[in-house]
Each structure stands twice: as C-alpha cells, then as structure tokens.
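A.B. asks: Following this message is one structure expressed as structure tokens.
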Amino acid sequence: MQTAHELFIHELQDMLDAEQQLVEALGAQAEESSRPELQKAFESHQAQTEKQVERLQQVFESIGEEAEEVECKGVRGLIEEHDHFKEEEEPAEDIMDIFNVGAAEKVESYEICAYESLIRLADQMGHTKASRLLNQNLKEEQATLKKMQAFSKKLKPENLGMDEDDEEVDQDDSSDNEISQDETSSSRSKTPKKANSGRTGSRRVA
C-alpha cells in the first residue's frame with residue numbers, strides 16, 4: 001500500500017463490514033433488552049445502520065470502485081466480547097442492559113473515530129460526495145453515542161453486591177474519617193504559637 005487512495009479503500013471496506021456486522025448485533029441487543037425504551041433505541045439504530053450500509057455502498061460508487069469482502073476485526077472483537085459475556089457470566093436482565101449500553105458506547109466511539117479518519121482522507125482527495133455521505137453517517141453515530149451515554153447515567157443495578165454489614169462499615173469508616181479530620185483541625189487551631197526567643201546581649205561596663 002503506497003497511496004492515500006489505497007488507504008481510503010481499505011478503511012472504507014473495513015467500515016462497510018463493521019456496519020454489516022452491527023445490523024445483526026443490534027438486533028440481538030434489542031431482543032436482550034428488558035426495558036422497552038432501550039429495546040426501541042437499539043431497534044431504531046439497527047434501522048439507521050442499514051441506511052448507513054447503503055450510504056457506504058454509494059461512496060464506493062461515487063469514486064468508481066467496488067467493495068471487496070473483508071472482516072473488520074475491531075468490531076468483530078467487540079461483538080465476541082458481548083457473546084462471551086452473555087454465555088459465560090449468565091448476567092441478570094438489569095446487568096445485561098447495563099453491559100449492552102456500555103458495549104454500544106464502545107462501538108460508537110470506535111465508529112466515530114473511523115468515520116472522522118475517512119472524512120479527512122475524502123476531503124484531502126477532493127471526494128466531495130463521498131465526504132458528504134460519510135458525514136451523514138458520522139452525525140448519526142455521534143447522536144447515538146449521546147443517547148447511550150444518557151442511558152448509562154439512567155440505568156442503575158438492582159443489586160450492588162454488597163452486604164448490609166459492608167455498607168454499614170463503609171459508612172462508619174467515612175464518619176470516623178470526618179471526625180478525625182475535624183479533631184485534627186480543632187487541635188491545630190488551639191495550638192499556641194511559640195514566642196520568638198531572641199537573645200539579648202549584655203553590655204560590659206568598663
């Protein structure tokens with residue numbers, strides 16, 4: 001690989017495969033969701049991703065190239081991470097929701113970086129139509145990331161995995177620390193300042 005055009009084609013093929021993989025993965029995440037609003041969000045982005053695949057195919061057409069079949073190993077790794085977690089950890093419904101939202105944030109961040117790189121290359125080579133199509137996909141990914149970040153703040157686990165005794169110990173430790181800090185501050189304020197002990201010389205009388 002020697003030219004920017006070759007790199008652009010390579011990255012474009014990688015992104016096309018990534019979006020095609022995610023169409024299926026988003027469907028699985030929608031089915032796994034225990035909350036209707038989260039299920040709807042994944043279904044909506046799945047439909048959006050199908051449109052993104054179409055735009056990427058249009059990008060190839062706009063530059064007179066045909067896409068070859070490749071595998072995006074980055075997104076494949078994130079999907080395998082999800083599958084392994086589900087199969088090996090047997091998560092509760094609420095934990096699966098939280099995991100899926102976090103996984104979606106990882107994927108969106110990956111895609112945003114990839115699209116930004118593709119857009120820079122397209123602009124440098126003067127591929128105006130390609131840049132416009134890629135920017136449409138980028139804006140959708142950025143909006144989805146914000147949506148998932150909002151879900152991340154909203155979702156709370158039902159079980160924190162802490163015993164009541166552990167919680168009480170944590171609270172007691174916190175209270176003890178506060179009392180210790182207060183006593184230290186009080187002790188410092190009561191400590192008298194040392195007076196200057198300058199020596200006064202005596203004079204000899206001749």
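Coordinate-derived values only; no laboratory data. Model, not experiment: these values are computed from the prediction. Positions of Cβ are backbone-derived with ideal geometry, glycine not excepted, and every protein chain shown enters the neighbour counts.
A.B. asks: Give Lys40/Lys156; Lys73/Lys156; Lys129/Lys153; Lys86/Lys154 a once-over and call out the pairs whose C-alpha atoms are over 28 Å from each other. Each step should come with its number before you reach the end.
C.D. replies: Numbers: Lys40/Lys156 19 Å; Lys73/Lys156 31 Å; Lys129/Lys153 37 Å; Lys86/Lys154 22 Å.
Over 28 Å apart, Cα to Cα: Lys73/Lys156; Lys129/Lys153.
A.B. asks: Moving on to the next point. Whole-Hz Karplus ³J(HN,Hα) for segment 44-60, in order, using 6.51 cos²θ - 1.76 cosθ + 1.60 and θ = phi - 60°, x for Gly and Pro?
C.D. replies: 5, 6, 4, 5, 5, 5, 4, 5, 5, 4, 4, 5, 5, 5, 5, 4, 4
A.B. asks: Round to the nearest 0.05 the FRET efficiency obtained for Glu31 and Glu116 when R0 = 45 Å and r is the Cβ-Cβ distance.
C.D. replies: Computed FRET efficiency for Glu31 and Glu116 comes out at 0.90.
A.B. asks: Report the Cα centroid-to-centroid distance between segment 70-139 and segment 26-55 in angstrom, as an integer.
C.D. replies: Computed from Cα coordinates, the inter-centre distance equals 13 Å.
A.B. asks: Moving to a separate point now. Let me see the pair-distance distribution of segment 4-154: every alpha carbon pair, 10 Å bin width, integer percents in order.
C.D. replies: P(r) for segment 4-154, in whole percents per bin: 11, 42, 30, 14, 3, 0.
A.B. asks: Given labels modelled 7 Å from the Cα in the Cβ direction, how far is it in nm from Glu54 to Lys106?
C.D. replies: Rounded to a tenth, the inter-label distance reads 3.1 nm.
A.B. asks: Once phi is turned into ³J(HN,Hα) by the Karplus curve 6.51 cos²θ - 1.76 cosθ + 1.60 with θ = phi - 60°, what whole-Hz value does each residue of segment 93-102 show in order, with x for glycine and proline?
C.D. replies: Taking θ as phi minus 60°, the curve returns 4, 5, 5, 5, 4, 5, 4, 5, 5, x Hz for segment 93-102.
A.B. asks: Take the Cβ-Cβ distance between Lys86 and Met162 as r, set R0 to 35 Å, and report the resulting FRET efficiency rounded to the nearest 0.05. Provide the component values of the computation, followed by the final result.
C.D. replies: Values: r = 24 Å, r/R0 = 0.70.
E between Lys86 and Met162, to the nearest 0.05, is 0.90.
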